[in-house]
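Since the structure comes first, as structure tokens, the remarks are kept for the end.
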Amino acid sequence: MRLFVALPLPTEIRASLAGLCGGIAGTRWIEPENFHITLRFIGDVGRGEADDLHTELASVRFPEFEMALSGIGTFERRGHVHMIWAGLDRPQIIVDLRDRIEAAAVRAGFQRESRKFKPHITLCRFKSHSMPDIGPYLAMNNDFSTAAFAVDHFSLYQSRLGHGGARYEVLSQYRLEQRVYYGDDAVAFADRS
Ligand code: ATP
Ligand code: MG
């Protein structure tokens, strides 16, 4: 099983992202149902390892929060842009959540992830040999943003690689801790203990 841990995105946010998918020839756009924020790539594991991971993920405590998507950018590899991504307005809270998930993965027996974590939503990927001029696309979509939305769970996904791109299946969902709302102020149970 090829697994990863990620945040799903609400339908209307995925619809906004789908509006960014076009206007560049020769690239592979992500299907709207596949948009997600990877928190930890796990890779190929057997049932036992998956069970251990699930147990530890279920023990993660983290308060639910709100965020919005904001901005677009690129990742480069060997001097070539190899993908375009959409960004988040609160990257630090995603980093904090992923640190809890990383710790859970390590408790489950997985090796610590050595690559730096850069939270993003992949929009498209380029084959390294075909690089169109994406300057106009980036200029036009630079101010992309969405309304804020609630993040109240993260998910364990199985990825099935295929010719038409990967298909993801949710294996389990993990609830974040609910907050108490006092008017405009939200106080997490976790923050008060
Ligand atoms: P494809 O590989 O067919 O392009 P995909 O990348 O969407 O499809 P997977 O390779 O199964 O599917 O990856 C699942 C998620 O994990 C994606 O968000 C991907 O970017 C991320 N991912 C894959 N490999 C790694 C890795 N080595 N390190 C960090 N994240 C990874
Ligand atoms: Mg991949």
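Data for the structure
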{"quantity": "Some residue of the stretch 156-168 being modelled with pLDDT under 95, more than 11 Å from ligand 1 (Cβ to nearest atom) and not in a strand (DSSP E or B)", "calculated": "no"}
{"quantity": "Number of the exception - G135 against (1) within 16 Å of ligand 2 (Cβ to nearest atom); (2) without any contact (Cβ under 8 Å) to a residue 12 or more places away in the chain", "calculated": "(1)"}
{"quantity": "Residues (open to solvent by less than 20 Å² (accessible area, probe 1.4 Å) and more than 14 Å from L17 (Cβ to Cβ)) located in the stretch 84-102", "calculated": "I94, L97, I101, E102"}
{"quantity": "Residue among G22, G79, G71, G26 that is more than 23 Å from S172 (Cβ to Cβ), surrounded by 12 or more Cβ atoms within 10 Å (Cβ to Cβ) and either of a type in the set (D, E) or away from ligand 2 (no atom under 16 Å from the Cβ) (or both)", "calculated": "G71"}
{"quantity": "Any chance A50 is open to solvent by less than 60 Å² (accessible area, probe 1.4 Å), within 20 Å of L161 (Cα to Cα), at pLDDT 95 or above and over 13 Å from the mean Cα position of the chain (by Cα)", "calculated": "yes"}
{"quantity": "Counted residues, the stretch 15-67 - those being without any contact (Cβ under 8 Å) to a residue 60 or more places away in the chain, hydroxyl-bearing (S, T, Y) and in a loop (DSSP other than H, G, I, E, B)", "calculated": "1"}
{"quantity": "Qualifying residue in the stretch 103-122 (condition: under 20 Å from W29 (Cα atoms), in a strand (DSSP E or B), open to solvent by less than 40 Å² (accessible area, probe 1.4 Å) and not charged (D, E, K, R))", "calculated": "yes"}
{"quantity": "Enumeration of residues in the stretch 53-68 that are under 30 Å from Y137 (Cβ atoms) and open to solvent by 70 Å² or more (accessible area, probe 1.4 Å)", "calculated": "E66"}
{"quantity": "Flag for G73 being within 17 Å of the chain's Cα centre (by Cα) and modelled with pLDDT of 95 or more", "calculated": "yes"}
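The values are calculated or read from the model by the stated rules, or taken from the named source; none is laboratory data. These numbers come from a predicted model, not from an experiment. Here Cβ is always computed from backbone atoms with ideal geometry, including for glycine, and neighbour counts include all displayed protein chains. Side chains included, ligands, DNA and RNA excluded: accessible areas come from the protein's heavy atoms. Shrake-Rupley method; radii C 1.70, N 1.55, O 1.52, S 1.80 Å.
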